[in-house]
1. Measure nothing fancy, just the Cα-based angle from helix 138-156's long axis to the longest principal axis of the chain, in degrees from 0 to 90, nearest 10.
2. Any idea how far apart residue 362 and residue 126 come out in nm if each label point goes 7 Å out from Cα toward Cβ?
3. Relative contact order for region 80-215 using alpha-carbon pairs under 8 Å, separation at least 6, rounded to a whole percent?
4. State in Å² the accessible area per residue of region 12-443; use a 1.4 Å probe, count heavy atoms of protein chains only, and round to the nearest integer.
5. What's the percent breakdown of Cα-Cα distances in region 1-104 across 10 Å bins, shortest bin first?
6. Which aspartates and glutamates, if any, have their Cα less than 12 Å from the Cα of residue 12, not counting same-chain residues under 8 positions apart?
7. Angle check, please: helix 57-70 long axis (alpha carbons) against the longest principal axis of the chain (alpha carbons), in degrees 0 to 90, nearest 10.
8. Could you state the angle between the C-alpha long axis of helix 419-443 and the longest principal axis of the C-alpha atoms of the chain, as a value from 0 to 90 degrees rounded to the nearest 10?
Amino acid sequence: MAGPGRERWSSKSGFVLAAVGSAVGLGNMWRFSYLAAENGGAAFVILYVVLTLAVGLPVLLAEMAIGRGAQHAPVRALAHFGGDAWKPLGMIFVAAGFVILSYYGVIAGWTLRYAWIVLSNGFTTEIADRFGDISEGWDAFAFHVGFMVVTIIIVGHGVKAGIERASVLLMPLLFTIVVGLAIYAATLDGAGAGYDYYLSADFSKLWHPQVLQDAAGQAFFSLSLGMGAMLTYASYLDRDQNLPNESVVIAGADVGIAFVAGLVVFPLIFALGLSDKVSGSTVGALFITLPQAFAEMGGVGRVVGLLFFFALIVGALTSAMSLLEVVVSSAIDRFGWSRVQAAWLCGGAITVLGSFAAFDIRVLDVSDQFANNILLLGGGFALCLFVGWAMPDPESEVRAGAGNVPWLPVWRNLLRFVVPVFLGYVLVQAVPDTLIAIADLFSGS
Ligand code: TRP
């Protein structure tokens, strides 16, 4: 129900920090840096910024307009503006929340485990050999469970007392740490080589369809788009908020933190001469090479390593909260459960589902591909069609609280034509590859 019963953010900044918390996460600090390094450095960064502005931002504003207008979680929100025919899309969103959080929780568990190692005895240089034990098996599962329990407890406390309070407390800390680490990293010998590797522009790479696909998937994942997370957060807003301004702040913070995280990761790796170890594995940059760098730095490495993994945990936690909130608020809408009940039941089910990723890293990898390439891009595509063609008057939803924004017709036309054509193109490329990866997983090859 919209109306007196629905929870509310206590302030405008509370919503913005929670939304930035959702956006800034493992995607920024883990995935972005290796994607940029592998795919043309500064050229990739530029492509990514362009896609965030031209594709991410319109979809972000679309999700916020639907959520705030409908005052409901995704399934009912889509039905509110588009009729029951759109309910299945909302259900796909909820399913996407299940899938993504199930493996996201496992990776977050690795970060907890690393923080634990630094605290207990510091990293040793054999850490790389231990990555296998940390990332797969009972250890991975146990830390995944630990992470999920914290997420469940926070979401169980509600929008204001749980999600908002945690975000307001933790996000400023995350910004401070990441910026502080970037400044520290700049002082290291070899930082220059790190910047070169990260940012030297190779525009020739941009023309591979795979790079476009990676950049588009990353833009959606990093902004938490395509499965109703921002929609759900916006459903706790009043109509006096300026959605266009807020969407720009959220997207700016997200891109900013991703960029600065790269300024931390690469100087550290290059200062310690570990550059040959970055390439190859997708997880390499962060979970293998960095701990090794911290180990070689001795005492300083313990402090820097702890701060780094703490920032990662904070990012992962505030992102996981939004993933769980989509599922929990939908369950409350649908079944009338109490919030605490919904948080434990849904969070518990997701934790169990995560055991597949925790015990087999190939499942994690394929789930990530499936989520990004099919669920999020497909969800974004469908959202564009919804707001572009089915929703009666999305412009007026945005105008409430923002006044007359001159570029609203441009926004609507982006959602009608440009973004869906682009996403359709990317999907046509991405879907077959992803299906092949899934088939390979099941055939055990
Ligand atoms: N944006 C987060 C990150 O970059 C992950 C995330 C949170 C997410 N909520 C989401 C991704 C919803 C997709 C959809 O780590």
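1. That helix lies at roughly 40 degrees to the long axis.
2. Each label point lies 7 Å from its Cα, and together they span 2.8 nm.
3. 19
4. 35
5. 12, 31, 37, 16, 4, 0
6. 164, 238, 240, 246
7. 50
8. 60
The values are calculated or read from the model by the stated rules, or taken from the named source; none is laboratory data. For clarity, every value in this text was computed on a predicted model and none was experimentally measured. Note that each Cβ is placed from the backbone with ideal geometry, even for glycine, and that neighbours are counted across all protein chains shown. Note: accessible area is taken over every heavy atom of the protein model, side chains too, but ligands, DNA and RNA are not part of it. Shrake-Rupley method; radii C 1.70, N 1.55, O 1.52, S 1.80 Å.
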